Each structure stands twice: as C-alpha cells, then as structure tokens.
Amino acid sequence: MKASQFFISTLKEAPADAEVVSHKLMMRAGMIKKLGAGIYTLMPMGLRVVQKVEAIVREEMNRAGAVELSMPVVQPAELWQETGRFEKMGPELLRIADRHGNNFVVQPTSEEVVTDIARQEIRSYKQLPKNFYQIQTKFRDERRPRFGLMRGREFIMKDAYSFDRDQASAKASYQVMAKAYRRIFDRFGLTYRAVAADSGAIGGDLSEEFQVIAATGEDAIVYCPGSDYAANMEKAEALAPADARAAPSQPMTKTPTPGKSTCADVAELLGVPLQTTVKSLVLASDTLSDKGEVVKTQVWLLLLRGDHDMNEVKVGKLPGLAAFRFSTVPEIEAHFGCKPGYLGPMNLLQPVKLVVDRDVAVMADWICGANEPDFHVTGVNWGRDLPEPEMVADLRNVVAGDASPDGQGELAIERGIEVGHVFYLGTKYSQAMKATFLDQNGKPQFMEMGCYGIGITRLPAAAIEQNHDERGIIWPDALAPFTVVICPINAERSPEVKAASESMYAELLAAGVDVMLDDRGERPGAMFADWELIGVPHRVNIGDRALKEGNVEYQHRRDAAATAVPLTEIAGALLAKLGV
C-alpha cells in the first residue's frame, strides 16, 4: 500500500474526553473516530488491526474444528423470554420494537439464537459434537461507556458455542477451545495469563479468563511466581493460616475510641497493628413469597480482619447468601443497637447468623466494635469471651504474600485486561429451551454446552495498554496495521531515493510482506513522528546521504536510534526478522 492511496489522519493532541492511553493513542493515530457515547467508527488504519485480529482468530477456530456462521444482530424477544434473560438481563440489554409492536433485542451475545439453531438442526447423538462460532457486532447499553474501545457500547466479538452429548465430551470440547485460545494469544505476541475464573451461579470449575497484562488493567490477577497457578481475584482462595491460635494474653476491655469508626483509625489511636482489628460487615437475605414480596429477612454478621476486604463472589456462594444485600441502617440498629462504625459480635439486641473468616477464626486478643458509639472492645478471644465460631469460611480477597493454594510458594498480584473467556455452560440453556437429541438408546437428552468469547475490538486497545511509549503505539508484528514502512527522504528531489524506495517496496510486496511506502512527500521529522505514533514495528529510512555509502537505515519501533544496513541486504534482513 502507498500512503497516497491510503487514508492517514493523525492528531498532535488527544480529545479531552480520552482518559486511558489506548483511547488517546487510537484517536491520535486516526484508528477510531467517535460517533456517539461508546460508539466509534473504525477508520481504515484501525480496521486493518481489527482484521489482523479476526484473521488469526478465524484460522485457529477453524483449525480447532469450529464451524463459522453469522447470527442476526437483531433477535426476537421470544427467544430471550424462553430463558428469562429478557427480563433478568437489565438495562444493558437494548430492547426495541418494530412497526407492528413486536419486541426485539440488539444482541449482546447469542446463546439463545444458537441454541434455537441446535434444537432445530441436531436430532441425533451422531451429529455431535458441534461447535458454531461467529465474528459479529454486539451491543451492550453500558451505563457509563468509557475508555474508547475498552468499554464501548457497540463492539465486535468472536463468540463460539459447543454442543455435546454428555459432560465428559463437553469437557473435552472445552479443553480443545482452551488450547485454541492459547494458540491465538501466543500468535498475537502479547504477554497474557490464562487464569481460573469464577463460574457464577452455574457452578463447576471449568471457566478461564484470558488477561492481557497491563499496569492500567481493571482486573487483579493472582498468580504464583513459582508455579503455573493463576486465578482472578474472585476465584483465588485464601488458605486458612497454618499456625494454631495463640492463647489469650489480654483481658477483654471496653476501650474509648471517640470519633474513630474505622479499623485503621482505631489501630492508629491505640498504637496497634491493623491486623489485630476485626471489621464487622452486616448483610441481609430476604425470603420472598410467590408474589415477590419479602416475608422474612435474615441478618448476617461477617467478621474479617481489619486489613482484609470482603470478596462478594465468595460470600454469595455461602448457603443462604446467594442473593445477599447489605443491611439497611434500621436493620442494623434493630440488631446491634448502634449505627455502623462501632459494630461487633457481642451484646446484640437480636440474634444474627455469624460467619467468620478463616484468619479471624485463629486470632487471639483482637479488637472489635462495642456496639456503642465511640467505644471498641480490646482483648477479645474465642472460647473465653465468645463461643467458638460455628461457621468459618473463606470470605476475603487474597493479598500479595498469601500462601499459594497449590503449595508452591507465595502469591503475587498484577493487573490485567480481560480479552477472552472460555466457559462450560452445562444444560442451562438447553433445558430452558428444550434443546434435546436422541442418544444411543433412542432417549431424549439435553445437550451439554460451552461458550467461548474473544473481544475482537477490545484486544487492540489492550495491546496498546501493554505496548506503548511516549512516542506512541508499539504493535507486535501480528497486529500492526502495516508490518514495515518505507520512508523515503526528499524523494521528490532525488531519483536515486525514489528508485530505491520503489524497488524495495516491490520486492517486499512480492514476498508477501504487509508494507507501506510513504510517498506523501512529508518532511522527515513529521513522517517519522506519524509512523512512531501509529506504531508500525519496522521502519526503513532511505536518504541520499546513506545511499551514497550503499546503505539504508533500519529502526525497530522499540529501538532508540536507527542502524545502517547495506541496501543489498535490507530486504533479506527484514524477511528473516519477519520469518517470511
């Protein structure tokens, strides 16, 4: 491609509403253009990157035996009503009506449609397994779209859905996809981790997120440097402390703490480590009637160490807390006789269900609220001052330095951006939509399903968050809009420069290299700045001075300066670097 035939539109400054690096650089490099809140046009330069992503994904999905189709963006509401998601999904699901008053949705995902296809087309176990995938536009009506393509409302996603005859074969299909995803992300040339993820209400352990490592990532990734263990924060288990509980060494004492309502403030006032304090979190679970009215409310008290944070996903898996909410102030006052800030497990007005974190269960001489404003209790001990806890559970987020669940060392934490997810669904959708097949005995069975997603348009943004510097984007070869750019210097005044540039361009093009020849006649500084901003990984500068010595200048996007290379060797050197 020649620059004069393409469309290049760079900016010196990013728009004011661009917050994160990828948003700023994609706007400045002319890759995307904002049309509305969370809605962007993919400009020619950005579209080339997205097409590179799609090509790799498509090749590996086909290699793994998946079959491509394309499902409608606008889908009948009736299918979503069969699974209950039309009502349950909430405002992120864009609902529309046609001129006849029929309800539709703009797809955020396609489990219902693909299950409808399977129940119509798959009759026998002989037709299984099957895996259908699409690369298609999706829409989710985000309350606060932000960060450009990182969290937009309209986006492109690869979503795949497997159908199997039983759990064993479904798990085998899952592993095929998990391996395909590793090949995909390896080919992208990004640093990533496949981490164990929570499976939500469906349960089970077959769920992995693929996270591109980036300091600006929204997700916390937990891993063990000494092993292959990795999980997201919701999934990572905090092991019970190995040491036994110490014997009491302090008397229980009601201690004034005027105006100190947080564990950190209390620890500072008393001159003790924050780890000796215990925080009280009050939750509630409601029992509903058939009409959806609250008929009974159970109040729960969770105790965590003062320096730890509650993990809502873990808590939601405890018996009775699947649909928990945080208690209201009136509920708290009715049970504790005190407003939040000075709560504790003693001297309650009404009984509550107590759940104690594993760390708190082995603490001695700890500090908690006295259920009286401006007072805490110090020197609290299990067995002496309180009954031994009946319900002990893992309630918290892990922290760096915790023991790894696999016993291979200590945990570390880094940030990541989720760009893919593989998930074993089971029969959640096939049961709801009565998608059955006849087994070897001629009996109907529900199909076992899995789903597998990759954020096609999110991935370039994640790649930029991981690969950039003060000059702009640094693309891996596999994702770059152009792999090589040839920059002639003053070609309009030098027939030799023009001829050498055209010859190199033709040679690389014939070898199958995705090469750009910048024939715009720009000044060298402006031309180099454009390509550094755009992030093309390999650049060749051709100028009169170097040509007189038989050389050109080569510079990788990560290099601080250019290197002289003989003109006769540059094409071969580039092809070797690119593995062509």
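Yes or no: PRO488 in contact (Cβ under 8 Å) with a residue 24 or more places away in the chain and either in the same structural domain as LEU11 (by TED's automatic domain parsing) or surrounded by fewer than 14 Cβ atoms within 10 Å (Cβ to Cβ) (or both)?
Details: in contact (Cβ under 8 Å) with a residue 24 or more places away in the chain: yes; either in the same structural domain as LEU11 (by TED's automatic domain parsing) or surrounded by fewer than 14 Cβ atoms within 10 Å (Cβ to Cβ) (or both): no.
The answer is no for PRO488.
Here is a check on your reading of the model: is MET504 of a type in the set (A, V, I, L, M, F, W, C), outside the structural domain of ARG48 (by TED's automatic domain parsing), at pLDDT 95 or above and in a helix (DSSP H, G or I)? So that I can check it myself, show each step before the final result.
Details: of a type in the set (A, V, I, L, M, F, W, C): yes; outside the structural domain of ARG48 (by TED's automatic domain parsing): yes; at pLDDT 95 or above: yes; in a helix (DSSP H, G or I): yes.
Yes; evaluated as a whole, the condition is true for this residue.
Out of curiosity, is ALA170 within 26 Å of GLY416 (Cα to Cα) and crowded, with 18+ Cβ neighbours inside 10 Å? It is false that ALA170 is within 26 Å of GLY416 (Cα to Cα) and crowded, with 18+ Cβ neighbours inside 10 Å.
Within the stretch 109-144, if we keep just the residues that are basic (Lys, Arg) and over 22 Å from HIS421 (Cβ atoms), the residue that is surrounded by the fewest Cβ atoms within 10 Å (Cβ to Cβ) turns out to be LYS126. The residue that is farthest from the chain's Cα centre (by Cα), among those in the stretch 307-327 that are free of Cβ contacts under 8 Å to residues at least 24 places away in the same chain and in a loop (DSSP other than H, G, I, E, B), is PRO319. Looking at this structure, is SER227 in contact with a Ser or Thr (Cβ under 8 Å, 6 or more places away or on another chain), over 19 Å from ALA361 (Cα atoms), in a strand (DSSP E or B) and small (Gly, Ala, Ser)? No: the conditions fail for SER227. Here the condition is being touching a residue at least 24 places away in the same chain (Cβ under 8 Å) and within 30 Å of GLY383 (Cα to Cα); of ASP166, ASP243, it holds for ASP243 alone. Inspection of the stretch 373-394 identifies no residue that is without any contact (Cβ under 8 Å) to a residue 60 or more places away in the chain and among the basic types (Lys, Arg).
Could you look through the stretch 442-452, keep only residues that are more than 33 Å from the chain's Cα centre (by Cα) and assigned to a strand (DSSP E or B), and pick out the one that is surrounded by the most Cβ atoms within 10 Å (Cβ to Cβ)? In this case the residue turns out to be GLN445. Taken as a whole, the condition of being at pLDDT 95 or above, touching a Lys or Arg at 6+ places or on another chain (Cβ under 7 Å) and closer than 23 Å to ALA462 by Cβ applies to ILE221.
Considering (1) farther than 28 Å from ALA178 by Cα; (2) buried (at least 23 other Cβ atoms within 10 Å of the Cβ); (3) touching a strand residue (DSSP E or B) at 6+ places or on another chain (Cβ under 7 Å), the lone condition that TYR429 does not fulfil carries the number (1). Of all residues in the stretch 520-536, those that are at positive phi have Cβ atoms under 6 Å from Cβ atoms of residues that are surrounded by fewer than 16 Cβ atoms within 10 Å (Cβ to Cβ), 6 or more apart or on another chain, in GLY521/GLU492.
Does ILE184 count as over 15 Å from the mean Cα position of the chain (by Cα), within 23 Å of GLU82 (Cβ to Cβ) and among the aliphatic types (A, V, I, L, M)? Here the answer is no, as ILE184 does not meet what is asked. Scanning the stretch 276-312 for residues that are among the hydrophobic types (A, V, I, L, M, F, W, C) and either modelled with pLDDT under 95 or touching a Cys at 6+ places or on another chain (Cβ under 6 Å) (or both) returns VAL278, LEU288, VAL294, VAL295.
Taking the stated definitions as given, is LEU69 touching a strand residue (DSSP E or B) at 6+ places or on another chain (Cβ under 6 Å), surrounded by 20 or more Cβ atoms within 10 Å (Cβ to Cβ), modelled with pLDDT of 95 or more and closer than 21 Å to LEU425 by Cβ? Talk me through it step by step, then tell me what you get.
Numbers: touching a strand residue (DSSP E or B) at 6+ places or on another chain (Cβ under 6 Å): yes; surrounded by 20 or more Cβ atoms within 10 Å (Cβ to Cβ): no; modelled with pLDDT of 95 or more: yes; closer than 21 Å to LEU425 by Cβ: yes.
Judged against the criteria, LEU69 is not a match.
I'd like to know if the stretch 162-175 contains one or more residues that are under 27 Å from THR483 (Cβ atoms) and either at pLDDT 95 or above or of a type in the set (Lys, Arg) (or both). Within the stretch 162-175 (the criterion being under 27 Å from THR483 (Cβ atoms) and either at pLDDT 95 or above or of a type in the set (Lys, Arg) (or both)), the answer is no, since none of the residues qualifies.
Per the conditions (1) polar (S, T, N, Q); (2) farther than 28 Å from ARG183 by Cβ; (3) assigned to a loop (DSSP other than H, G, I, E, B), the sole criterion not satisfied by SER4 is (3).
Selection of first residues in the stretch 99-112 that are assigned to a loop (DSSP other than H, G, I, E, B) and of second residues that are among the acidic types (Asp, Glu) and at pLDDT 95 or above, restricted to Cβ pairs under 8 Å at least 6 apart or on distinct chains, gives the following pairs, ordered by first then second residue: THR109/ASP159; SER110/ASP159.
When we screen ALA238, ALA242, ALA246 for residues that are assigned to a loop (DSSP other than H, G, I, E, B) and in contact with a His (Cβ under 9 Å, 6 or more places away or on another chain), the only hit is ALA238.
One residue stands out in the stretch 537-555 among those that are of a type outside the set (A, V, I, L, M, F, W, C), part of a strand (DSSP E or B) and touching a helix residue (DSSP H, G or I) at 6+ places or on another chain (Cβ under 8 Å): the one that is nearest to PRO481 (Cα to Cα), namely HIS538.
Within the stretch 463-501, the residues that satisfy the criterion of being in a loop (DSSP other than H, G, I, E, B) and either within 16 Å of LEU574 (Cα to Cα) or of a type in the set (Phe, Trp, Tyr) (or both) are TRP475, PRO476, ASP477, ALA478, ALA480, PHE482, THR483. Of the residues making up the stretch 14-31, at least one is modelled with pLDDT under 95, loosely packed, with under 14 Cβ neighbours inside 10 Å, over 23 Å from the mean Cα position of the chain (by Cα) and assigned by TED's automatic domain parsing to the domain that holds TYR181. In the set ASP439, ASP469, only one residue is more than 24 Å from the chain's Cα centre (by Cα), surrounded by fewer than 16 Cβ atoms within 10 Å (Cβ to Cβ) and either at positive phi or outside the structural domain of LEU508 (by TED's automatic domain parsing) (or both); that residue is ASP439.
Out of the residues in the stretch 525-536 that are in a helix (DSSP H, G or I) and buried (at least 17 other Cβ atoms within 10 Å of the Cβ), state the one that is farthest from the chain's Cα centre (by Cα).
Restricting to residues being in a helix (DSSP H, G or I) and buried (at least 17 other Cβ atoms within 10 Å of the Cβ), the top hit is MET527.
Can you find a residue in the stretch 378-400 that is basic (Lys, Arg) and either in a strand (DSSP E or B) or on the phi > 0 side of the Ramachandran plot (or both)? Checked against the condition, which is being basic (Lys, Arg) and either in a strand (DSSP E or B) or on the phi > 0 side of the Ramachandran plot (or both), the stretch 378-400 yields at least one hit.
The values are calculated or read from the model by the stated rules, or taken from the named source; none is laboratory data. Values in this document were obtained by computation on a predicted structure and should not be read as measured data. Virtual Cβ from ideal backbone geometry, glycine too; neighbours counted across all protein chains shown.
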